[in-house]
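Taking it in order: structure first as structure tokens, then the write-up.
The values are calculated or read from the model by the stated rules, or taken from the named source; none is laboratory data. On a predicted model such as this, the values are computed, not experimentally measured, just so you know. Glycine also receives a Cβ, built like all others from the backbone with ideal geometry; neighbour counts cover every protein chain displayed. Only protein heavy atoms, including side chains, enter the accessible area calculation; ligands, DNA and RNA are left aside. Shrake-Rupley method; radii C 1.70, N 1.55, O 1.52, S 1.80 Å.
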Amino acid sequence: MGKIVINKTNLFHNLEIISKQAKGKEKVAIVLKDNAYGHGLLEIAKLSNEFGIKKAVVQTLDEAIKIEKLFDEILILAEDIFHTYSHTFHIAVNSLEQLEKIPQNWNIHLKVDTGMHRNGINKNQLKEAIDGICKRNLKFTGLFTHYRSADVLSTEFYWQKAIFGQIKKEVKSICEQLFLPFPKFHSANSSALFRFKDYDDDFARVGIATYGYLESDTIITNPDLKPILSLWAKKMATRTLKKGEKVGYGGTYEAKEEMCVSTYDVGYGDGFFRLNESHKYITPKGYEVLGRVSMDNLSINSDDEEVCLFDDAKNLAKIHNTISYEIVTALKPHIKKEIK
């Protein structure tokens with residue numbers, strides 16, 4: 001079977017850079033949603049715990065339960081079914097309507113819309129929301145937002161940053177009036193964190209940078225992050241093609257001379273996208289993926305027992321006209337993981 005190899009040294013290198021920018025490991029919340037961006041939820045959670053990260057962000061309650069013992073605080077971004085409780089868990093609330101569905105005594109992180117217009121309450125609803133939290137005996141433990149253009153060199157990042165600064169002041173004033181402790185404030189994702197010269201929120205939610213990528217404009221000075229994932233395939237069969245013989249569906253690759261070709265056990269069913277054969281793809285070792293990728297295998301001009309299909313998602317992202325996020329998150333959870 002194919003496998004994913006996680007480079008622990010590169011992961012810790014990235015976490016060191018992130019922690020320095022955030023001003024401490026305690027100010028980093030590692031984003032582990034979507035199977036840790038395809039890298040393996042439990043594998044990355046355990047390594048992050050070993051490094052000293054105490055906060056995590058996931059999508060669902062079930063994800064949080066799997067890593068509960070590894071972190072002090074876990075923010076759950078999208079959940080409406082509450083079948084268990086832990087003081088470790090904190091629920092993101094995006095609307096006044098959602099607030100009514102949260103069971104009593106849960107920890108709440110209220111999201112406020114500062115300009116992305118995707119999720120979060122309107123800033124004019126702050127007092128109503130905080131009053132609702134108190135009436136429902138919920139614990140107001142966090143307030144956050146999300147930047148829509150942190151990866152783009154424009155003034156929009158600073159515009160949203162200023163709005164969130166005003167909101168923080170208003171929330172503190174409301175909390176003082178109601179004799180509530182201040183919630184933890186957080187706004188930065190990976191790209192936003194590295195736009196701050198002096199990060200002053202309580203923590204940052206760091207996803208893609210953990211895994212070695214940023215999709216920021218090239219004119220923005222990005223840190224020296226290193227991809228931590230490589231995808232490997234194992235040989236299934238080998239044959240010799242004669243000149244003029246074709247490979248795979250549609251016979252879109254034709255041998256120009258006698259050559260050795262092997263099939264390997266990774267395909268688009270595993271999340272390695274079906275290549276458009278009009279774009280040549282070369283593996284890190286210099287082999288070529290020949291013709292069309294099948295659901296469960298692909299063909300390469302190699303006789304190696306194992307082949308690394310990629311160790312940097314950006315190369316594949318260019319071919320598929322997408323971003324590194326989509327390449328790595330597409331990898332299926334069933335692929336076995338190996339830490340090196």
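Could you work out how far the C-alpha centroid of the stretch 45-105 sits from that of the stretch 150-182, in angstrom?
23
Give me the Debye-computed log₁₀ of I(q)/I(0) at q = 0.18, 0.20, 0.23, 0.24 Å⁻¹ for the stretch 225-340, equal point scatterers on Cα only, no solvent, two decimals.
Once normalised to I(0) and log-transformed, intensities are -0.92, -1.12, -1.46, -1.57.
For the ranges 8-14, 137-143, what's the packing order if you count other beta-carbon atoms within 10 Å of each residue, average per peptide, and put the highest first? Spell out each step's value before the answer.
Working: 8-14: 17.7, 137-143: 20.0.
Per-residue mean Cβ counts within 10 Å order the peptides as 137-143, 8-14.
I'd like the carbon and sulfur percentage of the solvent accessible area for the chain, probe radius 1.4 Å, heavy atoms only, ligands and nucleic acids excluded. Provide the component values of the computation, followed by the final result.
Numbers: 7670 of 16100 Å².
Whole-percent figure for carbon plus sulfur exposure: 48.
Which of ARG118, ARG195, ARG292 moves most in a GNM of the chain, Cα contacts under 10 Å?
Comparing ARG118, ARG195, ARG292 in a Gaussian network model of the chain, the most mobile one is ARG118.
Scanning the chain for GluC sites (Glu not before Pro) in DSSP loops with at most 12 other Cβ atoms within 10 Å, what's the longest stretch left with none? Could the numbers behind the result be given before it?
On the way: sites that count: GLU100, GLU257, GLU258, GLU305.
For GluC sites (Glu not before Pro) (loop position, at most 12 other Cβ atoms within 10 Å), the longest site-free span of the chain is 101-256.
State in Å² the accessible area per residue of the chain; use a 1.4 Å probe, count heavy atoms of protein chains only, and round to the nearest integer.
For the chain, the per-residue accessible area is 47 Å².
Please check: in the Gaussian network model of the chain (C-alpha springs, under 10 Å), which one of MET116, MET259, MET295 has the largest mean-square fluctuation.
The residue that fluctuates most here is MET259.
About its Cα centre, what dipole magnitude does the chain give when the only charges are +1 on Lys and Arg Cβ and -1 on Asp and Glu Cβ, stated in debye to the nearest 20?
Numbers: 47 positive and 45 negative charges, 81 e Å.
Result for the chain is approximately 380 debye, rounded to the nearest 20.
Calculate one ³J(HN,Hα) per residue across the stretch 278-295 by plugging θ = phi - 60° into the Karplus curve 6.51 cos²θ - 1.76 cosθ + 1.60, and present them in order as whole Hz with x for glycine and proline.
Karplus-based 3J(HN,Hα) across the stretch 278-295 equals 6, 10, 5, 10, 10, 6, x, 8, x, 7, 10, 6, 9, x, 8, 6, 8, 5 Hz.
Over the stretch 183-226, consider all pairs of different Cα atoms and compute the Kirkwood hydrodynamic radius from their mean reciprocal separation; express it in Å, one decimal. Let's see the in-between values first.
Values: mean 1/r = 0.0901 Å⁻¹.
Evaluated on the stretch 183-226, it is 11.1 Å.
Where is the GNM fluctuation largest for the chain (alpha-carbon springs, 10 angstrom cutoff): ALA317, ALA22, ALA192?
ALA317
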